[in-house]
1. Can we say B:Phe83 is at pLDDT 95 or above and facing another protein chain (nearest Cβ under 9 Å)?
2. Would segment A:582-601 turn up any residue that is free of Cβ contacts under 8 Å to residues at least 24 places away in the same chain, assigned to a helix (DSSP H, G or I) and over 23 Å from A:Leu480 (Cβ atoms)?
3. For A:Ile693, are the conditions met, namely being over 38 Å from the mean Cα position of the chain (by Cα), surrounded by 17 or more Cβ atoms within 10 Å (Cβ to Cβ), in a helix (DSSP H, G or I) and among the aliphatic types (A, V, I, L, M)?
4. Output the number of residues of segment B:176-196 satisfying the condition of being in a helix (DSSP H, G or I) and within 16 Å of ligand 2 (Cβ to nearest atom).
5. Of everything in segment A:628-676, what is touching a Leu at 6+ places or on another chain (Cβ under 7 Å) and without any contact (Cβ under 8 Å) to a residue 24 or more places away in the chain? Give them in sequence order.
6. Could you list all residues from segment B:163-217 that are within 16 Å of ligand 1 (Cβ to nearest atom), among the charged types (D, E, K, R) and in contact with a strand residue (DSSP E or B) (Cβ under 7 Å, 6 or more places away or on another chain)?
7. B:Ser53 - would you say it is farther than 24 Å from A:Ser241 by Cβ and either among the polar types (S, T, N, Q) or touching a helix residue (DSSP H, G or I) at 6+ places or on another chain (Cβ under 7 Å) (or both)?
8. Which one of the conditions (1) free of Cβ contacts under 8 Å to residues at least 12 places away in the same chain; (2) among the charged types (D, E, K, R); (3) within 9 Å of ligand 1 (Cβ to nearest atom) does B:Glu17 fail to meet, given that it meets all the rest?
Amino acid sequence: MNYKKIRKIYFKELLEVYRDKRTLFSTILLPLILYPVLFIGVSSLMTRQTQKMEEETKVIALENFADFLQNPNDELNYVVENIQQKLTSNERIKIFNNVQTDIDSLLKDGVIHTIVKLDSVSLIEPQTYYFEYKFDGSSEKSSMALDEVKKIIGEFEKDLLRVRLSKITNLAENEAFLNPLSQEAKMTNVASSQQMLGMVMGRILPYLLIMLLISGGAVVATDLVAGEKERKTLETLLVSSVSRNEIVWGKFLTIVTASLVNVFVNLFSMYFSFRQMVSQVGGSMVGANIPLSSFIWVLLSLLPMVLLFSALLLTISTYSRNMKEARSYESPIMLVAMMLAMVSMFPGFEMNKGLAFIPIINISLLFKEIMLSGVNFLHFGLTVGSTIILNIIAIYITIKVFASEKVLFRTQTETSFAGLKKNKGQLLTPAIGLVFYMIMIGLLYYVGFAWQQKAFVDGNFDQEVLMREVLRTQVLLIGLPALLFVNILFRKKKGEDKKEGRAEARKFLRLTSSKISNFILVPLLAVPTLIITSWLTKLVNYFFPIPEEHFAGMMQLLEGDQLPLMVLVGVIAVAPAIFEELLFRGLLPRFFEKKGVWFTIIATGLLFAIFHLDFYKLVPITFLGCWLGYLLFTSKSIYLPMLAHFLNNFLAILLGQALIPEKYLTLLEGNSVISIGILAASAIIFVGFNIMIYKNNKGFEEIE
Amino acid sequence: MIEVKNLTKQFTQKDGEMFTAVDNVSFHVNKGEIVCLLGVNGAGKTTTMRILSTVFEPTSGTAEIEGYDIIKEGHDVRRNLGFLSGDTGLYTRLKVREFLRYFGDLYGLERSQTNARIEEMANMLDMQEFLDKKIDFLSTGMRQKVSIVRSIIHNPPVMILDEPTSGLDILTARNIVSFIKRSKEEGKSVLFSTHIMREAERLADRIVLIHQGRILTEGSLEKLREETQLLDLDDIFVYFVNKMTDEEVAENEL
Ligand SMILES: Nc1ncnc2c1ncn2[C@@H]1O[C@H](COP(=O)(O)OP(=O)(O)O)[C@@H](O)[C@H]1O
Ligand SMILES: [Mg+2]
């Protein structure tokens with residue numbers, strides 16, 4: 001690689017980017033104008049508006065008060081008169097006097113803002129007065145009126161109390177007696193103004209920064225490859241004496257620079273507008289400075305993410321045939337990034353060791369943490385480290401993608417309907433596989449979960465109903481769609497050999513026999529596998545502590561003694577072993593296997609885990625799914641993963657039903673020497689036996 | 001020197017079937033020789049040339065440019081090659097001089113070398129008055145001249161020009177034709193493609209007839225005339241196309 005050439009490309013791209021008037025306007029000029037207008041304009045408008053509303057007179061209607069006037073009861077008279085008088089004398093309140101009209105509908109129309117109704121009075125000592133407040137929750141003015149009325153009546157309540165007390169004690173005149181908790185409590189805000197500002201900045205800034213980064217980078221990235229394709233200049237560059245890697249690096253650095261420029265310009269403009277706004281409302285920025293070191297840490301942690309996004313955007317741009325396509329691919333990514341970045345705005349979401357591994361969320365929370373309490377080096381290291389690893393992967397992919405003729409010069413491959421009819425094998429692409437999978441997840445989530453919800457009524461659950469619905473889900477939502485899809489692939493027309501079609505379908509699903517020895521080895525692996533997955537669960541738990549309720553919910557399926565064991569085994573072990581396997585080891589691998597066996601194993605393993613829609617089980621189930629895929633491709637038969645799946649679930653039932661003696665389980669608990677020894681032994685058995693299975697079957701199936 | 005050996009290129013079509021755009025093509029271009037790749041639209045000329053420029057990889061076969069293999073020594077190939085096609089557009093936001101200097105830089109030339117080369121070429125192709133204009137504002141003819149200068153800014157020994165005169169007015173086209181002749185006199189190997197028979201007649205030392213990805217025949221115009229007893233290149237071309245279809249029919253009947 002030639003750094004001089006990379007530099008030449010970089011500077012030329014920058015020249016082009018910032019010579020374009022539109023880019024210049026949207027990335028530099030617009031932010032410089034936008035924030036002052038937005039911040040200062042809106043804030044002054046808002047303060048004025050609120051002030052105006054507070055000062056406006058509110059109309060209050062008193063309902064039923066007249067009925068209680070001139071009452072022989074002294075206290076009642078005192079109460080009614082005083083409240084009326086106190087409300088009337090308030091200059092911001094106007095009492096609505098025309099009692100004849102339908103005041104309820106006037107309230108709805110906004111003529112009256114709040115109605116105070118004296119509903120009833122209990123004259124039995126101690127006398128009690130029942131009030132009803134009617135207001136319009138959709139009107140800000142009505143809410144303000146309500147607050148004001150409640151405040152006035154609340155103050156009067158004290159007066160009334162004083163009157164009542166004075167009848168029994170002369171202490172009633174003593175202020176301290178009436179206000180034992182001292183109304184004039186001193187308010188001391190322990191948050192320093194730095195923390196206050198950090199709180200605000202910490203919530204909004206991460207989100208803003210991430211959005212700015214992506215949007216700033218996206219404009220440029222789209223232009224850099226997809227734009228060059230559209231303008232037919234890419235080939236000019238490719239035939240000159242630069243290598244594709246040099247082009248990738250030059251363009252990559254351009255996107256990084258543009259993203260950073262965007263962030264800096266925006267922050268700069270935002271900072272000054274913010275300062276202006278603060279001084280306008282009479283505040284001062286003195287003491288509200290965030291230490292410079294915080295900013296430096298933020299920028300340091302920002303850098304790996306800028307690189308990550310830049311690589312991602314460049315890959316998208318390279319993959320897209322034109323700018324329009326690039327933009328349409330960018331938008332879902334922006335959306336996901338936006339949602340993840342938003343966590344910094346949720347109160348109560350704090351950084352921890354586990355979240356430090358989740359891209360975007362980690363940066364977002366790290367910023368917040370740095371702004372609020374300074375840098376935590378463990379979190380900083382984990383976040384930056386994991387982002388850098390992702391980064392290297394992303395850059396590697398970008399370079400690969402750019403070097404691939406198939407991607408760089410991708411032509412329209414929309415499969416035509418006529419073509420599909422001719423060659424149904426075309427349906428078996430990863431893209432179609434993913435679409436099919438997403439439909440399946442949708443079915444499970446919207447239909448299956450709704451079915452299973454029937455088992456939960458008022459916090460109790462009916463195990464029989466649950467089992468019935470789980471079985472229904474397994475058969476109708478998992479097994480049936482998979483079989484229908486296979487049926488479409490192998491359906492024969494009239495006159496053709498139906499038998500042959502069925503034989504082809506069976507072969508497709510790998511419903512084929514396999515060596516007996518396989519079926520002896522796999523049961524021996526069941527317990528070691530369960531031990532390994534339980535350790536993986538422990539590992540996940542270390543980073544993301546599993547909430548107690550969640551764990552209980554998980555076990556609910558396996559516990560309970562309302563049904564005979566055989567029913568549980570049938571629904572939880574046998575049915576998934578058949579139907580989930582038909583989908584995840586029968587059909588789905590066929591979509592991916594042209595990309596290689598290992599790719600297919602990992603892809604379907606991951607999809608299998610995601611299908612369980614349980615974040616905490618993602619890692620152990622991925623492990624399990626990959627193993628089942630491994631068994632499929634070694635034995636070249638679906639029956640082996642079916643058996644393994646059955647055994648795994650069966651063991652889980654035994655555990656849930658407490659059918660395994662306690663003394664064995666205690667051996668596995670904690671980090672004792674014994675439990676770790678058992679793990680090590682399990683791992684050795686697992687690896688050893690799996691290699692045996694591999695050898696025994698002469699390696700993976702060869703994919704045509 | 002260009003040496004093309006059994007080059008084949010297949011594309012996957014919309015319906016998933018393979019389509020052979022270049023079918024086992026072999027030919028060569030000597031030093032100081034102009035060879036014309038002649039064929040109708042869709043014959044596979046551009047695809048062949050794109051493979052030679054290292055933009056595409058061949059499905060099978062290979063080629064050498066100045067003795068460098070297009071698959072293994074792409075960088076050396078590009079260093080020795082001036083390539084121009086309808087797909088090598090210009091950066092319209094740059095000025096002509098900026099654009100040419102950029103490519104001079106990419107080819108690793110010194111600035112002084114690039115400047116001298118720009119002067120020389122600008123005089124030859126009559127480009128002085130628009131050297132400092134933004135490419136956006138140039139006409140098609142002007143742009144084509146810029147493209148040509150771009151492709152040979154590094155003075156390569158081999159030039160591959162895909163339909164270099166298409167869409168140009170007569171004067172500019174003539175300008176470019178005489179430039180190609182001059183390059184030959186400088187001892188360069190020139191491969192150019194066209195679907196205009198007259199241009200092939202006027203320029204080429206040898207003509208390679210290509211149809212549906214396959215080479216029909218090759219040779220100097222005299223040789224082709226002798227072989228077919230036809231005078232007009234149009235007729236010669238049709239003669240060979242018919243011959244190929246006849247052979248195909250015969251093959252299918254076998
Ligand atoms: N990237 C590509 N993907 C698929 N087909 C292509 C691609 N490039 C060219 N072709 C096809 O290859 C054939 C030859 O095209 P081309 O080499 O451009 O012909 P010519 O330059 O002789 O007019 C055409 O049928 C064209 O549709
Ligand atoms: Mg062409």
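1. yes
2. yes
3. On the way: over 38 Å from the mean Cα position of the chain (by Cα): yes; surrounded by 17 or more Cβ atoms within 10 Å (Cβ to Cβ): yes; in a helix (DSSP H, G or I): yes; among the aliphatic types (A, V, I, L, M): yes.
Here the answer is yes, as A:Ile693 does meet what is asked.
4. So in segment B:176-196, the residues in a helix (DSSP H, G or I) come out as B:176-185.
Checking the rest, the ones that are also within 16 Å of ligand 2 (Cβ to nearest atom) come to none.
Qualifying residue count, segment B:176-196: 0.
5. A:Ile660, A:Ile674, A:Ser675
6. B:Glu163, B:Arg214
7. Working: farther than 24 Å from A:Ser241 by Cβ: no; either among the polar types (S, T, N, Q) or touching a helix residue (DSSP H, G or I) at 6+ places or on another chain (Cβ under 7 Å) (or both): yes.
Here the answer is no, as B:Ser53 does not meet what is asked.
8. (3)
The values are calculated or read from the model by the stated rules, or taken from the named source; none is laboratory data. This structure is a prediction, so every number in the text was calculated from the model and none was measured. We place every Cβ from the backbone using ideal geometry, glycine too, and count neighbours over all the protein chains shown.
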